[in-house]
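Scroll down for the structure; my scribbles are underneath it.
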Amino acid sequence: MNQAKGGRPEVGRIEVITGPMFSGKSEELIRRLKRARIARQQVACFKPDIDLRYHRTAIASHSAQTHEAVTAPNVAHLRKALYPQLEQVEVIGIDEAQFFDEGIVQLAGELVHMGKRLVLAGLDTTFTGEPFGPIPALMAVADEVTKLSAVCMVCGAPAIHTQRLGTSRELVVVGAAGMYEARCRACFRPYLEERESEQMELPAAD
Ligand code: ADP
Ligand code: MG
Ligand code: ZN
């Protein structure tokens, strides 16, 4: 563990930025990483290789802001890419953290123990409204959780849900334009198509 002035151990920090799609998680992550670089801190940024929006060497927001990033297919690869430069790196950003396995929680624990600042962004719920992968556990061990809302595309209220549009059931369909929109609790319809087709099968009331 790094020693700060006065012999007090320099402790690390885990920050989680969460919320539905379009809530500005990537924007906020990019903002924090850019500010760290302005403060002349060494920054390393990673993302899973599931997000093929824009390019493989950067993270990007829906508002077209970007930050250089390394693509890692899993936590083992992320660790391998990070550890050789770990001595210099002070701030570690991870976007779309929901797509990493539970090993990310252990890695976050190790890094924070070494005095690193971690900023992790990821979806808190899936399009069916369930907790998403390692994000709940990361939120539990975080020093600070920022839960952002988007704007509901039906009524304009603050949105906490990600609505899947169309019929695909696959959990991981990332960045496909027009496939998702933000919805508030009242307008969110998980399994919309299934419910509609069930209703259509009801016998006529006569
Ligand atoms: P996230 O990483 O949470 O998906 P981004 O940081 O990529 O979000 O994008 C946030 C930006 O998306 C906003 O600043 C805004 O320009 C745009 N945007 C598009 N649709 C919405 C919406 N429904 N609510 C809020 N912002 C939206
Ligand atoms: Mg994002
Ligand atoms: Zn709404």
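For (1) within 16 Å of ligand 1 (Cβ to nearest atom); (2) charged (D, E, K, R); (3) surrounded by 24 or more Cβ atoms within 10 Å (Cβ to Cβ), each residue gets a yes or a no:
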site	(1), (2), (3)
94	yes, no, yes
104	no, no, yes
117	no, yes, no
126	yes, no, no
133	yes, no, no
Filtering the stretch 157-171 down to residues that are at pLDDT 90 or above and within 15 Å of the chain's Cα centre (by Cα) yields 160, 161, 162
List the pairs whose first member sits in the stretch 97-116 and is farther than 11 Å from residue 134 by Cα, whose second member is among the polar types (S, T, N, Q) and at pLDDT below 95, and whose Cβ atoms are under 6 Å apart, counting only residues at least 6 apart or on separate chains?
-> 115/2
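Select from the stretch 66-76 the residues that are surrounded by fewer than 19 Cβ atoms within 10 Å (Cβ to Cβ) and either β-branched (Val, Ile, Thr) or out of contact with any strand residue (DSSP E or B) (no Cβ under 9 Å at 6 or more places or on another chain) (or both) and list them in ascending order.
Going through the stretch 66-76, the residues surrounded by fewer than 19 Cβ atoms within 10 Å (Cβ to Cβ) turn out to be 66, 68, 70, 73-74, 76.
Result: 66, 70, 76.
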Out of the residues in the stretch 94-121 that are within 16 Å of ligand 2 (Cβ to nearest atom) and of a type outside the set (Val, Ile, Thr), which is nearest to residue 136 (Cα to Cα)?
-> 98
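Please go through the stretch 27-79 and give me each residue that is among the basic types (Lys, Arg) and either within 15 Å of ligand 1 (Cβ to nearest atom) or at pLDDT below 90 (or both), ordered by number. Before you say what the answer is, go through the steps one by one.
If we filter the stretch 27-79 for residues that are among the basic types (Lys, Arg), which is where we start, we get 31-32, 34-35, 37, 40, 47, 53, 56, 79.
31, 32, 34, 47, 53, 56 - these are the residues of the stretch 27-79 that are among the basic types (Lys, Arg) and either within 15 Å of ligand 1 (Cβ to nearest atom) or at pLDDT below 90 (or both).
The values are calculated or read from the model by the stated rules, or taken from the named source; none is laboratory data. Not measured: the values here are computed from a predicted model. Every residue, glycine as well, gets a Cβ built from its backbone with ideal geometry; the counts of neighbours run over all protein chains shown.
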